[in-house]
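K.L.:
I'd like to ask some things about the structure below.
The values are calculated or read from the model by the stated rules, or taken from the named source; none is laboratory data. Since the model is a prediction, treat every value here as computed from it, not as a measurement. Here the Cβ is made from the backbone with ideal geometry for all residues, glycine too, and neighbour counts use every protein chain on show.
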Amino acid sequence: MRTWIESWPVYRQLTGGDPLGRGTASRSSETERWRARTRNADGVTKSVCPFCAVGCGQNVYTEGGRVTQIEGDPDSPISRGRLCPKGSSSLSLVTSPSRVTTVRYRRPHGTEWEDLDLDTAVDMIVDRVLETRRKTWQDTDPDGRHLRRTMGIASLGGATLDNEENYLMKKLYTALGAIQVENQARI
């Protein structure tokens, strides 16, 4: 049995083979009980941080189909395993008990929110976009010049969209005839 002095890290550093105190001299019984949060993970999925357009790589660790840890991806050429404070909080974004996981809808002039299934919500959006496009379509101007546009639909992208997503948004809204396509990152 060791005496209290032998369990003291400074004593082990001065008398053992770890004079700089970076290895076994600095380890305690408490240190031995620590385990990596990712130790029991049964899956790792590569992902991208959702907070801004930088695109930092993330490793999402799961256990039993449930997200248990999110860390920076050391293989990412963008972030090289590092995450900013927002990116480091991604786990709470995914696992927060207050996270909304259903489509919420409040009818016009309504005072209460209701849950909708995803198919119903998508159908409602499609119907409204097509109806707005139909009602506001301008094929020609008063002088007969071709316009082929709608002024009833516009797009304002967010700062979390990367170049590829912005490209697809521009293509989608241009195909719909919208000419007011902007991104928050430029504003």
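K.L.:
Filter region 154-186 down to the residues that are more than 24 Å from Ser90 (Cβ to Cβ), part of a helix (DSSP H, G or I) and charged (D, E, K, R) and list them by number. Give the derivation first.
P.N.:
Here is the first cut: in region 154-186, the ones more than 24 Å from Ser90 (Cβ to Cβ) are 154-156, 167, 170-182, 186.
After this cut, where a residue has to be part of a helix (DSSP H, G or I) as well, the list is 167, 170-176, 186.
Residues satisfying the conditions are Lys170, Lys171, Arg186.
K.L.:
Among the numbered criteria (1) in the same structural domain as Leu176 (by TED's automatic domain parsing); (2) under 17 Å from the mean Cα position of the chain (by Cα); (3) not basic (Lys, Arg), which one does Ile70 miss?
P.N.:
Only one criterion is unmet by Ile70, namely (1).
K.L.:
With the condition being β-branched (Val, Ile, Thr), I'd like the strands (runs of 3 or more DSSP E) fully within region 17-113 carrying at least 3 qualifying residues.
P.N.:
On the way: elements: 43-48, 57-63, 66-72, 103-105.
So the answer is 43-48, 66-72.
K.L.:
So which residues in region 55-99 are modelled with pLDDT under 90 and at positive phi, if there are any at all?
P.N.:
Gly55, Gly65
K.L.:
Given the structure, is Tyr61 more than 30 Å from Ile179 (Cβ to Cβ), touching a residue at least 12 places away in the same chain (Cβ under 8 Å) and touching a strand residue (DSSP E or B) at 6+ places or on another chain (Cβ under 6 Å)? Before you say what the answer is, go through the steps one by one.
P.N.:
Values: more than 30 Å from Ile179 (Cβ to Cβ): yes; touching a residue at least 12 places away in the same chain (Cβ under 8 Å): yes; touching a strand residue (DSSP E or B) at 6+ places or on another chain (Cβ under 6 Å): yes.
Taking the combined requirement at face value, the residue satisfies it.
K.L.:
Would you be able to tell me the number of residues in region 130-153 that are at positive phi and assigned to a loop (DSSP other than H, G, I, E, B)? Give the derivation first.
P.N.:
Keep residues of region 130-153 that are at positive phi, which gives 144, 148.
In the following step, the residues that additionally are assigned to a loop (DSSP other than H, G, I, E, B) were identified as 144.
Looking only at that region, the number is 1.
K.L.:
Sort through Ala53, Ala36 and tell me the only one that's under 19 Å from Asn163 (Cβ atoms) and of a type in the set (A, V, I, L, M). Break it down into steps so the answer makes sense when it comes.
P.N.:
Working: Ala36 fails: under 19 Å from Asn163 (Cβ atoms).
Result of the check over Ala53, Ala36: Ala53.
K.L.:
Return the total of residues in region 1-58 being closer than 25 Å to Ser88 by Cβ, surrounded by 14 or more Cβ atoms within 10 Å (Cβ to Cβ) and aromatic (Phe, Trp, Tyr).
P.N.:
The qualifying residues number 1.
K.L.:
Check whether at least one residue in region 118-127 is under 15 Å from Gly177 (Cβ atoms) and either assigned by TED's automatic domain parsing to the domain that holds Cys49 or among the acidic types (Asp, Glu) (or both), and report yes or no.
P.N.:
Here is the first cut: in region 118-127, the residues under 15 Å from Gly177 (Cβ atoms) are none.
For region 118-127, residues under 15 Å from Gly177 (Cβ atoms) and either assigned by TED's automatic domain parsing to the domain that holds Cys49 or among the acidic types (Asp, Glu) (or both): absent.
K.L.:
Determine if region 98-112 includes at least one residue that is more than 30 Å from Arg37 (Cβ to Cβ), of a type outside the set (S, T, N, Q) and surrounded by 15 or more Cβ atoms within 10 Å (Cβ to Cβ). First the steps, then the outcome.
P.N.:
Taking region 98-112 and keeping what is more than 30 Å from Arg37 (Cβ to Cβ), we get 103-112.
Add one more test, that the residue is of a type outside the set (S, T, N, Q), and what stays is 103-110, 112.
Subsequent filtering for residues that are surrounded by 15 or more Cβ atoms within 10 Å (Cβ to Cβ) retains 103.
Yes, there is a match, as at least one residue in region 98-112 is more than 30 Å from Arg37 (Cβ to Cβ), of a type outside the set (S, T, N, Q) and surrounded by 15 or more Cβ atoms within 10 Å (Cβ to Cβ).
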